[in-house]
1. Using alpha carbons only, how many angstrom separate the centre of the range 200-231 from the centre of the range 267-316?
2. Provide the gained length on full extension for the span GLU132 to ASP351, in nm with one decimal, where the gain is 0.36 nm per separating residue minus the Cα-Cα distance.
3. Taking Cα atoms of the range 1-65, Rg/Rh with Kirkwood Rh, to two decimals?
4. Could you check what % of the DSSP bridge pairs in the chain are antiparallel, to the nearest 5?
5. Can you give the FRET efficiency for VAL4 and ASP26, using 1/(1 + (r/R0)^6), R0 = 25 Å, r = Cβ-Cβ distance, to the nearest 0.05?
6. Calculate the dipole size of the range 17-109 relative to its Cα centre from +1 charges on Lys and Arg beta carbons and -1 charges on Asp and Glu beta carbons; express the result in debye to the nearest 20.
7. Just going by the charge dipole of the chain, with Lys and Arg at +1 and Asp and Glu at -1 on Cβ, which of SER176, ALA206, ASN342 is farthest out on the positive end?
8. Give me D for the range 136-307 in µm² s⁻¹, whole number, from Stokes-Einstein with Rh from the Kirkwood sum over alpha-carbon pairs, 37 °C and 0.692 mPa s.
Amino acid sequence: MADVTGPICTLPGASHDVPNGTMCDDHPDRPAVARIQGETDSFGSELNDMCQECLDAYREEMKNADWSGVCDWCETHKPRLQPRRDYEEGMAGRVYDVCDDCIQRVNDEARAELDAYDDAATTTSGITTMTEPLTLIRVVDTETTGMEDPAEMVEIGWTDLRLFPTGWAIETGPHSRLVNPGMPISFPAMAVHHITEDMVFKARCADDIRPEVVAGADILCAHNVEFDSRFIRGHNLPWICTFKAARTAWPEMQSHKNGSIRYERGLCQGDPRTEPSHRAGPDTWVTAHILLDLLKLYPPETLVEISAKPVLLLKIDFGEHAGKRFSEIPTSYLNWILHISNMPTDPKKVDVVYTARLEWVKRTTDPQPQQAARPATEVVDPDAWRKDMRF
């Protein structure tokens, strides 16, 4: 029997964490792999626990469903309706069936209202931007011949997320395909993914597979875009980096590695599709669930924006001050990072330099500091750092 919640802010079709030991509502002898939000009103919601067979049937039903009907807001028959709440009634109010035109109108009105406030005007684009219905995000992962160039893929994996009328959901996956890299596989790489040259000898080459992997996607996602984008190239699709996004969303995590986030967030526990680790298909299954968690916090457009910029770090993870917050690091050490070390020219230290520079601006108006730092209480120019940008 489906669980019932109290008032809830999410919409019908949203995916929720499945408690350990939960069984399928329709097949009590089978473990539940998904908990999907069902009928919802201002008093609460049904949560439907589904086994894999029920989940597959539900997804197929959603893909083929007739979403036409009379819009609750404009009272006009429309070809497609989506569940929405009225902003003025609160995020746990009644759920309405609303057409795209009304959604656009309400969002435009909200944007105009926010723009009326000078302090909020710069933040409205990330809040009100709409993602097109049925947008497809393809989560990808590569296993390679090695970390350093020259290197090439030996395996490509992917899992697809789509924006259905009921919300974001995994549409298909995980998939994977071996790739002939046309070069030797290093032994350290083999020790990680256990893919040998005999296994890829008859596989297709990377240049043949690259176009197929991106075909049909609107957005690409990887847990480390800086690495995977080296091998999935030749396209103009935007990227979401779940590593950067997770650092932004959950800065206090013990680690922002794929597997660590999975366990700390309690994602896809006991799911055989996550194994073996360090293989492209299973790794995309884990990343896809991290992305679903992030999409509860940010729209895709904001995640793309976060992924394109350096990340504001909470703590430093190296050197004599490892483990300290950047706000606790001595000014002399910030000076060393910015003007003595080689970090400003090291692409792997972009986030460190970005965070150190912003912390420096809080403490001094001098864009070219000397060894003797100014007091932390000095009045600062918040735009001073722009005069000395090195990243």
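Here, each number is a calculation from the coordinates, and none is a lab measurement. Keep in mind that this is a model prediction, so the values were computed, not measured. Backbone-built Cβ (ideal geometry, glycine too); neighbour counts: all protein chains shown.
1. Spelled out, the Cα-based centre of one part sits 17 Å from the other.
2. Length difference between fully extended and current span is 75.7 nm.
3. 0.97
4. 85 percent
5. Efficiency at R0 = 25 Å is approximately 0.90.
6. 180 debye
7. Farthest towards the positive end: ASN342.
8. 202 µm²/s
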